[in-house]
Amino acid sequence: MTEIPNRELLPMTADLNDAGRLTIGGCDVVSLAEMYGTPLYVYDEHTIREMCRAFVGGFGTEYPNSHIAYSSKAFSSPALAKILEEEHVGMDVVTGGELAIARAAEFPAPEINFHGNNKGRAELEEALDYGIGLITVDSMYEIDLLDEVAHNKGITQPVLLRVSPSIDGHTHLLTATGVLDQKFGFPIETGQAEEAIKHALGKSNLDVLGVHFHLGSPLFEIEPYTEAIPYVLELVAKMREHGLNQRVFSPGGGFAIGYVSDTPPPEISEYASAISASVREACDRFGLDEPRLILEPGRAIIGRAGVAVYTVGGTKDIPGVRKYVSVDGGMGDNIRPALYGAGYSVVKANSPAEAPTGDVTIAGKYCESGDLLVKDAPMPDLAPGDVVAIASSGAYNLSMASNYNMSLRPAVVLVKDGEAKLIRRRETYDDLLASSVM
Ligand SMILES: *Cc1c(COP(=O)(O)O)cnc(C)c1O
């Protein structure tokens, strides 16, 4: 079999067909591009399910009382919600909109956890009306607000408190959420976490099950988790005297995936064994019963499953400087390179095995000079009409997509065993005008 470059970054079913083109889930990517147009996002159902199983099985083996909740901000769709439910994976939402998607899929309410640092009253009411299992509160105001909303509905709502352990997950500044100076979580270092827990324990319509932290994303190292876990569980132990009876503990998500071949992520099993051991040791040390452990992968479940497919247009070759190859998408469907300087790997879908002839920079079509999808990637010759596929595009691309430049957000297909199912149609000009008031 001819090797596809960056195979380990592409969906697990990535292959070459007799025509020498890239296939995913048994579907010819170039044919998909012809049928659905580009930009197109292709999600491989097999990879999604395998990643769910790697988490459910990986953590389940190490720590049987564990639960995996997919962070739906990474990519949200009713079709995906159905797959998650079948794989016994719960769901985190951070807005009423993400909850609406879960509801549209009739996702089991007890398996939903509502995160976010500033949920509104209406959002909390919607969540309680749907009967969601858990709400993670993140401010004194929210503790009071949720208690009031729950009281009005005659409900005692199970909650976690989000705490901030002042630990640097060594990710990008804009995605670091464990350090002291950022907006999420009650800081432990300053004593504010303690105050918040006491405050919440005094609320008659809140049942405080425990605490949650999330260090940021993606975390290519395991040490930040194993450093934070005992520190946070020490606080939990200390709070027993104030009446905290820990039943749930959540060290969040943030598990890395590969974007470029020289920065491989840890295996899921490595995260699972280190995190489980760390929770167990800390519970033992502080005399805590072992809680139900909730892990919240988003990127690691959906990132590798998705590829972004574009058609090549014009080229600008600046002699001795750089060669720009423009495609028909860009920062509107993938803001990550512009926002975080994120790196990606690209393959020529109509001829993946062709030898590279030089470095190219894949440019988007948006009116920003920072709209570059991949910088200086070794590629075979590219001509107008060629189709390129950018790997590891399943997470935080479409979920952050915009209509900048009044561009149409892409279609999405789910592929499996040679069949493609459209799960989101491409937007139309009518969609752009649908919310305008004339
Ligand atoms: C974003 C987020 C996650 C998921 O992060 P990933 O890197 O996608 O795994 C999990 N928990 C919380 C609270 C989050 O905000």
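The values are calculated or read from the model by the stated rules, or taken from the named source; none is laboratory data. Computed from a predicted structure; not experimentally measured. Quick reminder, even Gly has a Cβ in these numbers, built from the backbone with ideal geometry, and neighbours come from all protein chains shown.
If you go through the stretch 309-334, how many residues are outside any strand (DSSP E or B) and within 19 Å of Tyr43 (Cβ to Cβ)?
Residues of the stretch 309-334 outside any strand (DSSP E or B): 319-321, 328-334.
Next cut, within 19 Å of Tyr43 (Cβ to Cβ) only: 329, 332-334.
Of the residues in the stretch 309-334, 4 are outside any strand (DSSP E or B) and within 19 Å of Tyr43 (Cβ to Cβ).
Every residue in the stretch 75-89 that is without any contact (Cβ under 8 Å) to a residue 40 or more places away in the chain and among the small types (Gly, Ala, Ser), please.
Answer for the stretch 75-89, where residues must be without any contact (Cβ under 8 Å) to a residue 40 or more places away in the chain and among the small types (Gly, Ala, Ser): just Ala81.
For residues that are closer than 18 Å to Leu422 by Cα, free of Cβ contacts under 8 Å to residues at least 12 places away in the same chain and not polar (S, T, N, Q), tally how many sit in the stretch 4-34.
2
So, Leu134, is that one within 13 Å of the ligand (Cβ to nearest atom) and more than 19 Å from Lys183 (Cβ to Cβ) or not? Walk me through it before giving the result.
On the way: within 13 Å of the ligand (Cβ to nearest atom): yes; more than 19 Å from Lys183 (Cβ to Cβ): yes.
Considered against the rule, which asks whether it is within 13 Å of the ligand (Cβ to nearest atom) and more than 19 Å from Lys183 (Cβ to Cβ), Leu134 comes out as yes.
Results for (1) among the hydrophobic types (A, V, I, L, M, F, W, C); (2) away from the ligand (no atom under 16 Å from the Cβ); (3) in contact (Cβ under 8 Å) with a residue 12 or more places away in the chain, shown as yes or no for each residue.
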| residue | (1), (2), (3) |
| --- | --- |
| Tyr36 | no, yes, yes |
| Tyr43 | no, no, yes |
| Thr47 | no, no, yes |
| Glu50 | no, yes, yes |
| Gly57 | no, yes, no |
| Gly60 | no, yes, no |
| Arg103 | no, yes, yes |
| Pro108 | no, yes, yes |
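Looking at the stretch 200-216, I want the residues that are farther than 19 Å from Ile294 by Cα and of a type in the set (Val, Ile, Thr) and have a partner that is within 14 Å of the ligand (Cβ to nearest atom) and at pLDDT 95 or above with Cβ atoms under 9 Å, at least 6 apart or on another chain. Which pairs are those?
As it stands, the answer is none, since no pair meets every condition given.
Output the residue which, of all residues in the stretch 201-223 that are more than 16 Å from the ligand (Cβ to nearest atom) and of a type in the set (Asp, Glu), is surrounded by the most Cβ atoms within 10 Å (Cβ to Cβ). Step through it out loud before you land on a result.
Here is the first cut: in the stretch 201-223, the ones more than 16 Å from the ligand (Cβ to nearest atom) are 201-208, 223.
Still in the list and also of a type in the set (Asp, Glu): 207, 223.
On the way: Asp207: 17, Glu223: 12.
Among residues in the stretch 201-223 that are more than 16 Å from the ligand (Cβ to nearest atom) and of a type in the set (Asp, Glu), the one surrounded by the most Cβ atoms within 10 Å (Cβ to Cβ) is Asp207.
From the residues in the stretch 234-262 that are of a type in the set (A, V, I, L, M) and out of contact with any Phe, Trp or Tyr (no Cβ under 6 Å at 6 or more places or on another chain), which one is surrounded by the fewest Cβ atoms within 10 Å (Cβ to Cβ)? Steps first, answer last, please.
Step one: of the stretch 234-262, the residues of a type in the set (A, V, I, L, M) are 235-237, 239, 244, 248, 256-257, 260.
The next check asks that each one be out of contact with any Phe, Trp or Tyr (no Cβ under 6 Å at 6 or more places or on another chain); those that pass are 235-236, 239, 244, 248, 257, 260.
Working: Leu235: 18, Val236: 22, Met239: 21, Leu244: 21, Val248: 21, Ile257: 23, Val260: 16.
Among those that are of a type in the set (A, V, I, L, M) and out of contact with any Phe, Trp or Tyr (no Cβ under 6 Å at 6 or more places or on another chain), it is Val260.
Could you pull out the residue among Pro356, Pro319, Pro352, Pro337 that is without any contact (Cβ under 8 Å) to a residue 24 or more places away in the chain and assigned by TED's automatic domain parsing to the domain that holds Leu408?
After applying the criteria, what remains is Pro319.
I'd like the residue in the stretch 231-261 that is in contact with a Lys or Arg (Cβ under 7 Å, 6 or more places away or on another chain) and away from the ligand (no atom under 16 Å from the Cβ) and, out of all such residues, is nearest to Arg299 (Cα to Cα).
Restricting to residues being in contact with a Lys or Arg (Cβ under 7 Å, 6 or more places away or on another chain) and away from the ligand (no atom under 16 Å from the Cβ), the top hit is Arg247.
Of the residues Tyr340, Tyr271, only one is within 16 Å of the ligand (Cβ to nearest atom) and at pLDDT below 95; which? Steps first, answer last, please.
Details: Tyr271 fails: at pLDDT below 95.
Unique residue meeting the criteria: Tyr340.
Of the residues that sit in the stretch 280-304 and are away from the ligand (no atom under 16 Å from the Cβ) and in contact with a helix residue (DSSP H, G or I) (Cβ under 6 Å, 6 or more places away or on another chain), which one is nearest to Asn65 (Cα to Cα)?
Across the stretch 280-304, the extreme among qualifying residues is Glu290.
From the list Pro224, Pro266, pick out the single residue that is farther than 19 Å from Gly191 by Cα and not in a helix (DSSP H, G or I). Write out each step before concluding.
On the way: Pro224 fails: not in a helix (DSSP H, G or I).
Answer to the check: Pro266.
Find all pairs meeting these conditions: Cβ atoms under 6 angstrom apart; at least six residues apart or on different chains; first residue within the stretch 141-152 and assigned by TED's automatic domain parsing to the domain that holds Gly116; second residue assigned to a helix (DSSP H, G or I) and hydrophobic (A, V, I, L, M, F, W, C).
As it stands, the answer is Ile143/Ala200; Leu146/Leu124; Val149/Leu124, since those pairs meet every condition given.
For the stretch 224-233, how many residues are surrounded by fewer than 21 Cβ atoms within 10 Å (Cβ to Cβ) and among the aromatic types (Phe, Trp, Tyr)? Reasoning before the result, please.
Quick first cut of the stretch 224-233, residues surrounded by fewer than 21 Cβ atoms within 10 Å (Cβ to Cβ) only: 226-227, 230-231.
Pick out the ones that are also among the aromatic types (Phe, Trp, Tyr) and you get 231.
Residues that pass the stated criteria total 1.
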